[in-house]
Amino acid sequence: MNGAGIKPSAGAVPCPQAQEAYDALDPNGNVTIKWDVMSWTPDGYVAVVTIYNFQQYRHFEPPGWSLGWTWEKKEIIWSMLGSQAIEQGDCSNYTGNIPHCCKKSPAIVDLLAGTPYNQQIANCCKGGVLSSWGQDPANAVASFQLSVGGAEANGRNVNSPKNLTLKAPGPGYTCGPAHAVPASKFISADKRRVTQALKTWNFTCTYSQFLASRAPTCCVSLSSFYNDTIVPCSTCSCGCKSNITEPGSCVEPDSPYIASVVSGSQKNTPVVQCTSHMCPIRVHWHVKLNYKAYWRVKVTITNFNYAMNYPNWNLVVQHPNFDDLTQIFSFNYKPLTPYGSTNDTGMLWGLMSYNEMIMEAGPYGNAQSELLFRKDKSTFSFDQGWAFPRRIYFNGESCVMPPPDAYPMLPNSGSRQYYSLLTLITTSLSTLALIFVYS
């Protein structure tokens with residue numbers, strides 16, 4: 001069986017359930033791994049393993065996911081389709097037909113695009129790259145098939161794997177134990193026949209940014225048309241240039257080593273540009289214009305990493321005016337409602353074949369868009385930093401916000417009156433000039 005021609009029926013696909021989560025903006029987001037025993041063999045069984053990325057905005061970047069576990073008994077993997085074990089292990093006890101993997105704790109990776117068809121199954125061979133469920137659910141699923149030996153056949157005392165581990169591609173995920181669930185059902189391509197697995201286990205994995213990285217990976221800077229002050233990312237947001245434990249932990253923009261860093265000849269050279277914040281990614285939120293019934297924001301994402309592209313990136317922004325978002329330019333937008341009916345969180349990502357990839361640091365290492373909001377007179381205000389976001393995530397990682405007391409403030413009388421058109425235009429041009437110099 002290679003999985004071709006069948007797919008899980010609508011009722012068989014597991015859905016995320018309410019449970020403990022690490023992310024307040026995606027409280028039910030998780031990665032569910034479904035282990036379906038499809039048939040028995042003389043010394044074990046054939047299983048299809050499916051990874052569902054139910055997270056709304058956290059995806060699996062290159063080099064992709066890696067899945068591991070520990071066998072309960074003396075199981076081995078005879079063969080695989082759609083993926084492979086990183087190491088074969090010691091198979092010296094076997095003669096003739098040599099197993100694919102004999103390790104007690106195998107590590108499995110996805111196959112690359114272009115794999116021969118006789119080694120594929122559905123939803124495989126993407127190099128381990130998975131989209132988030134909210135951004136592209138069709139590409140948020142991965143599958144592979146394995147033939148397990150060394151286990152008792154016909155379902156007697158067949159145990160699920162233990163100590164499941166998921167890297168996507170780095171650490172951060174914690175997986176729970178297996179849970180026996182109703183057997184998955186599959187519908188044929190012509191929709192005239194339904195089959196089902198002999199046994200199904202589910203594993204649930206949740207994400208912690210602290211486990212993934214002790215230091216943040218992005219920061220936020222702010223500016224506005226009504227104040228000449230540009231609030232930069234906080235100093236040492238993601239680390240410090242003078243870090244004694246990592247001397248020379250960044251590259252100056254005019255460094256002659258940048259070319260060799262990008263080409264890969266300087267393998268141990270840091271690749272993040274030297275800045276006061278030391279973050280690979282900076283998100284800038286600029287309150288651009290004020291109309292009678294609307295207001296306008298410009299968002300710019302800048303990459304400071306000389307050897308890192310960000311394909312299929314996404315940005316999550318929490319702001320109380322998202323319920324009144326009227327128009328967005330050059331980005332996709334999807335509302336998120338982590339608190340039920342309250343629409344104060346939006347997910348933004350690039351347009352295909354235009355800016356879905358943020359290139360490495362340099363003249364093309366940025367993406368930008370503008371958002372037009374309608375004013376709700378009962379809540380709208382430029383006072384007390386209301387126009388700035390409460391929280392920003394880049395690729396699922398929470399970005400460091402500036403301290404609230406540093407936000408651009410209105411002039412003394414600005415909170416009680418609107419600017420004249422002349423003042424608005426003059427101030428806007430001045431601030432835009434500063435932003436050009438700053439970026």
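The values are calculated or read from the model by the stated rules, or taken from the named source; none is laboratory data. Treat the numbers as computed from the prediction; the structure is a model and nothing was measured. Heads up, the Cβs are rebuilt from the backbone with ideal geometry, glycines too, and the neighbour counts pull from every protein chain shown. SASA here: full protein model, heavy atoms, side chains in, ligands and nucleic acids out. Shrake-Rupley method; radii C 1.70, N 1.55, O 1.52, S 1.80 Å.
How many residues are in contact (Cβ under 8 Å) with a residue 40 or more places away in the chain and either farther than 16 Å from ASP324 by Cα or part of a loop (DSSP other than H, G, I, E, B) (or both) if we restrict to segment 362-385? Result for segment 362-385: 11.
Looking at PRO389, PRO411, just one residue is open to solvent by less than 20 Å² (accessible area, probe 1.4 Å) and in a loop (DSSP other than H, G, I, E, B), and that residue is PRO389.
Of the residues making up segment 28-69, those that are acidic (Asp, Glu) and under 21 Å from SER160 (Cβ atoms) are ASP36, ASP43. When you go through PRO320, PRO280 one by one, which is the residue that is open to solvent by 40 Å² or more (accessible area, probe 1.4 Å) and either under 29 Å from TRP133 (Cα atoms) or assigned by the TED database to the domain that holds SER398 (or both)? Of PRO320, PRO280, the one residue that is open to solvent by 40 Å² or more (accessible area, probe 1.4 Å) and either under 29 Å from TRP133 (Cα atoms) or assigned by the TED database to the domain that holds SER398 (or both) is PRO320. Of the listed requirements (1) part of a loop (DSSP other than H, G, I, E, B); (2) in contact with a Phe, Trp or Tyr (Cβ under 9 Å, 6 or more places away or on another chain); (3) farther than 30 Å from ASN312 by Cβ, SER39 misses just one: (1).
Does ARG296 satisfy being of a type in the set (D, E, K, R), outside any loop (DSSP other than H, G, I, E, B) and in contact with a Leu (Cβ under 6 Å, 6 or more places away or on another chain)?
Values: of a type in the set (D, E, K, R): yes; outside any loop (DSSP other than H, G, I, E, B): yes; in contact with a Leu (Cβ under 6 Å, 6 or more places away or on another chain): yes.
Considered against the rule, which asks whether it is of a type in the set (D, E, K, R), outside any loop (DSSP other than H, G, I, E, B) and in contact with a Leu (Cβ under 6 Å, 6 or more places away or on another chain), ARG296 comes out as yes.
Here PRO335 fulfils each of the conditions (1) surrounded by 15 or more Cβ atoms within 10 Å (Cβ to Cβ); (2) part of a strand (DSSP E or B) apart from (1). If you check ASP26 against the conditions, is it farther than 25 Å from TYR117 by Cα, open to solvent by 50 Å² or more (accessible area, probe 1.4 Å), charged (D, E, K, R) and at pLDDT 80 or above? When the stated conditions are applied, ASP26 does not pass them.
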